[in-house]
Amino acid sequence: MNLGFLIFPDVEELDFVGPWEMAGMWSKYFAGPEKRLVVAQSEDPVTCAKGLSVLPHASFDQCPQLDFLLVPGGQGTRREVDNPALMGFLSEQAQHCTAILSVCTGTFLLHRAGLLSGKKATTHWSSLGRLRALGDVTVVEERIVRDGNIWTSAGVSAGMDLMLAFIADLAGEETAGNVQLAVEYYPSARRYGVSHQNPMAPGYLRETA
């Protein structure tokens with residue numbers, strides 16, 4: 001199995017690094033995908049939203065057919081929705097991928113590639129209104145939303161939950177639990193301050209406040 005992680009300039013680091021860590025633990029110790037690839041338009045280093053520089057494993061042209069593809073978000077998505085090379089890569093890979101996953105505003109890249117019309121999806125809380133405004137997506141204010149072979153998640157840290165849920169679906173609860181323990185990912189239930197009470201916060205967060 002091949003699992004690809006799409007990146008582009010101004011991609012949000014944790015959107016793909018968090019899922020990469022989960023998938024890496026899965027692959028290394030629990031018989032996950034044989035190959036994990038960070039893929040970008042070229043082989044040149046990619047500067048992320050917070051300044052991290054990442055060297056891709058493969059360019060769009062070099063990338064093999066993937067079984068699974070994760071599409072992160074970040075400020076760069078606002079530009080990349082108009083990048084024909086990225087849209088072409090995403091559309092072509094999606095034709096044969098078993099599953100496509102997006103984190104945060106990666107949802108908008110999926111939509112521009114024609115993968116979300118008539119489907120349920122979510123995105124970063126601050127972009128839920130933008131997603132609704134597209135008109136052909138049913139927006140669900142949950143941390144993870146699955147519709148067929150399309151998985152979407154809320155913002156940034158939610159990508160780790162997305163990958164764990166995906167592992168559980170594909171390899172079983174026990175494997176996902178082993179990965180979860182290996183990376184010691186048990187988020188605290190503590191809420192700091194009162195920002196989670198913001199009326200714009202997603203429904204799942206307000207309900208647990």
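Considering only DSSP beta bridges where both residues belong to the stretch 26-111, give the percentage that are antiparallel (nearest 5).
Once the DSSP bridges in the stretch 26-111 are tallied, antiparallel ones form about 25 percent.
So for the stretch 105-174, averaging the separation of alpha carbon pairs under 8 Å that are six or more residues apart and normalising by length, what relative contact order in percent results?
27
Under 15 Å from a point 7 Å along the Cα-to-Cβ line of residue 58: which residues of the stretch 5-40 have their amide N that close?
From the stretch 5-40, the list is 5-7, 33-40.
Suppose we keep just the DSSP beta bridges with both residues in the stretch 61-183; what percent of those would be antiparallel, to 5?
30
What percent of all Cα-Cα pairs in the chain falls into each 5 Å bin, going from 0 up to the bin containing the maximum distance?
1, 8, 16, 20, 21, 17, 11, 5, 1, 0
If packing is taken as the average count of other Cβ atoms within 10 Å, what order do 181-188, 37-44 fall into, highest mean first?
Per-residue mean Cβ counts within 10 Å order the peptides as 37-44, 181-188.
Send over a whole-number figure in Å² for the accessible area per residue of the chain, probe 1.4 Å.
Accessible area per residue, the chain: 47 Å².
Using alpha-carbon pairs under 8 Å, 6+ residues apart, how would you state the relative contact order of the stretch 1-83 in percent?
44
Straight distance only, please: which aspartates and glutamates reach the Cα of residue 119 with their own Cα at less than 20 Å, same-chain residues fewer than 8 apart left out?
Within reach: 92, 136, 141, 142, 147, 169.
Expressed as cubic angstrom per residue, what is the convex hull volume of the alpha carbon set of the stretch 1-114?
87
Using the Cα centre as the reference, give the magnitude of the dipole from point charges on the C-beta atoms of the chain (Lys, Arg: +1; Asp, Glu: -1; all else neutral), rounded to the nearest 20 debye.
560
Before anything else, pin down the relative contact order of the chain: Cα pairs under 8 Å, at least 6 apart, normalised by residue count, whole percent.
Relative contact order here is 20 percent.
Please list 107-120, 51-64, 15-28 highest first by mean number of surrounding beta-carbon atoms within 10 Å per residue.
In decreasing order of mean packing, 107-120, 51-64, 15-28 become 15-28, 107-120, 51-64.
Can you say what percent of the DSSP beta bridges in the chain, counting only those with both residues inside, are antiparallel? Round to 5.
25
The values are calculated or read from the model by the stated rules, or taken from the named source; none is laboratory data. Note that the structure is predicted; figures quoted are calculated from it, not measured. Note that each Cβ is placed from the backbone with ideal geometry, even for glycine, and that neighbours are counted across all protein chains shown. Side chains are part of the model used for accessible areas, which takes the heavy atoms of the whole protein and leaves out ligands, DNA and RNA. Shrake-Rupley method; radii C 1.70, N 1.55, O 1.52, S 1.80 Å.
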